[in-house]
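What follows is a set of notes on a single structure, which appears directly below.
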Amino acid sequence: MSNLIPEVTLNDGLKLPVVGLGTYTMRGSAGVNAIVNAIDIGYRLIDSAYNYENEGTVGEAVRRSSVPREQLLITSKLPGRYHTYDKAVVAIQESLYRANLDYYDLYLIHWPNPKQDQYVEAWQALVDAQKWGLVRSIGVSNFLPEHIERLVKETGVKPSVNQIELHPFFNQAEQRQWHAENGIITESWSPLAKANDIMNNEVIQQIADRHQKSIPQVVLRWHYQLGAVSIPKSASAYRQLENISIFDFALDETEMTMISGLTRADGRMRNQDPAVYEEF
Ligand SMILES: NC(=O)C1=CN([C@@H]2O[C@H](COP(=O)(O)OP(=O)(O)OC[C@H]3O[C@@H](n4cnc5c(N)ncnc54)[C@H](OP(=O)(O)O)[C@@H]3O)[C@@H](O)[C@H]2O)C=CC1
Ligand SMILES: O=C(O)C(=O)[C@@H](O)[C@H](O)C(=O)CO
């Protein structure tokens, strides 16, 4: 689809570019302009969520961009407060109205909220929304293997994607392996760990110097070589281009291990452990 960015094929046949644009906090005219710029320079996958209050911004950028709708892959996510079946069906329709789109390419349950324990109902709504043509591919976000196993057991339908926190400080080795064994694509949120401490990391800087690349480029290349789809957010035209200019070099095994080795037990950005964290 995009001539710049390689693609992966999901278990339902949909192809996703391996780098997309995160949009958390991107809203209004500045948000529209930034997303249009991203599409103009080659981004095709755009990540949004009902709770980001920016589905309208994303939809407007889709209409203003010069790229046909069918070449774009737009994601949104169902909030925790709409997990009952009836509420989920309406929320998916509302997501579409907000964006003024006819369909989403990928729709995810944003968080499992295990204490609330309604995510199987929410999943049934996504399964039906896919049958009705409202969404092309359905997946989850922040789900642990036990949550996904329950979806499959109770509905017979496996998610195409699990979007999880993943960056060098939290490499999710076990969860990624479980996804690979079960044919689910890992999508990395906060892939740059929000570009704070990581920008001063000496290990990654050393590797970046060796390849004459920047720290974000090395980190995004690491995601790609792990087999994960990453969705770095940038509102800057310069940094958007930097973040997709990662396909002309490769990290060797030692470099991959050095970056993965930066992981810490407390490496989550905001201590949002899906086993206990609930978001509505
Ligand atoms: N499913 C979920 O629960 C979650 C999903 N997400 C999704 O993942 C996306 C990405 O995660 P996010 O938390 O935004 O964090 P990221 O790791 O993508 O980092 C974004 C930050 O890094 C800066 N940045 C981006 N590129 C560069 C660069 N090349 N050099 C220096 N700084 C850079 C951005 O600033 P600037 O814009 O100025 O370039 C911004 O401040 C979100 O936008 C959202 O779509 C995020 C959190 C949870
Ligand atoms: O950004 C998202 O997708 C979220 O799920 C939020 O929980 C985000 O991680 C956050 O921390 C908002 O304060």
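Let's see if you can work this out: charge +1 on each Lys and Arg Cβ, -1 on each Asp and Glu Cβ, no other charges. What is the dipole magnitude of region 180-222 about its Cα centre, in debye to the nearest 20? Before the final figure, lay out each step's value.
Working: 4 positive and 5 negative charges, 35 e Å.
Dipole about the Cα centre, nearest 20: 160 debye.
For region 236-249, 3J(HN,Hα) computed residue by residue from phi via the Karplus equation (6.51, -1.76, 1.60; θ = phi - 60°) reads 9, 4, 4, 6, 4, 5, 3, 6, 9, 8, 10, 10, 10, 8 Hz, glycine and proline entered as x. Reported value for region 1-60: 87 Å³ per residue, from the convex hull of its C-alpha atoms.
Summarising the strand pairing of the chain, around 15 percent of its internal DSSP beta bridges are antiparallel.
Can you give the extra length, in nm with one decimal, that the chain gains between Leu4 and Tyr97 once fully stretched, where that is 0.36 nm per residue apart less the Cα-Cα distance?
30.4 nm
Using R₀ = 35 Å, calculate the FRET efficiency as 1/(1 + (r/R₀)^6) where r is the Cβ-Cβ separation of Glu53 and Glu202; round to 0.05.
Values: r = 38 Å, r/R0 = 1.08.
After rounding, the FRET efficiency stands at 0.40.
By DSSP, the beta bridges lying fully in region 149-280 are antiparallel in about 10 percent of cases. The alpha-carbon of Lys158 sits under 12 angstrom from the alpha-carbons of these aspartates and glutamates, leaving out residues fewer than 8 places away in its chain: Asp12, Glu149.
For region 18-260, the square roots of the Cα gyration tensor eigenvalues, ordered a ≥ b ≥ c, give a/c of at least 1.5 with a/b no greater than b/c, which places it in the oblate category. FRET efficiency for the pair Glu121 and Ala237, taken as 1/(1 + (r/R0)^6) with r the Cβ-Cβ distance and R0 = 51 Å, rounds to 0.75. For region 33-165, the spread of Cα positions along the three principal axes, ordered from largest to smallest, is 43, 26, 24 Å. Site pair Glu154 and Asn182 shows an inter-label distance of 1.4 nm when each label is modelled 7 Å from Cα along Cα→Cβ.
So which GluC sites (Glu not before Pro) in region 1-101 end up in coil per DSSP with only 13 or fewer other C-beta atoms within 10 Å?
Details: sites: Glu7, Glu53, Glu55, Glu60, Glu70, Glu94; in loops: Glu53.
Counting only loop positions with at most 13 other Cβ atoms within 10 Å, the GluC sites (Glu not before Pro) in region 1-101 are Glu53.
When the Cα positions of Asn200, Ser160, Tyr224 are compared along the charge dipole of region 18-260, Ser160 comes out farthest toward the positive end, with charges on each C-beta of Lys, Arg, Asp and Glu. In this structure the amide hydrogen of Trp189, modeled in the peptide plane, comes within under 5 Å of the amide hydrogens of Ile164, Glu165, Leu166, none closer than 5 places in sequence on its chain.
Any read-out appearing in this document is the output of simple, stated calculations on the displayed coordinates, not a laboratory observation. Everything quoted here is computed from the prediction, not taken from an experiment. So basically every Cβ, Gly included, is an ideal-geometry build from the backbone, and we count neighbours across all protein chains shown.
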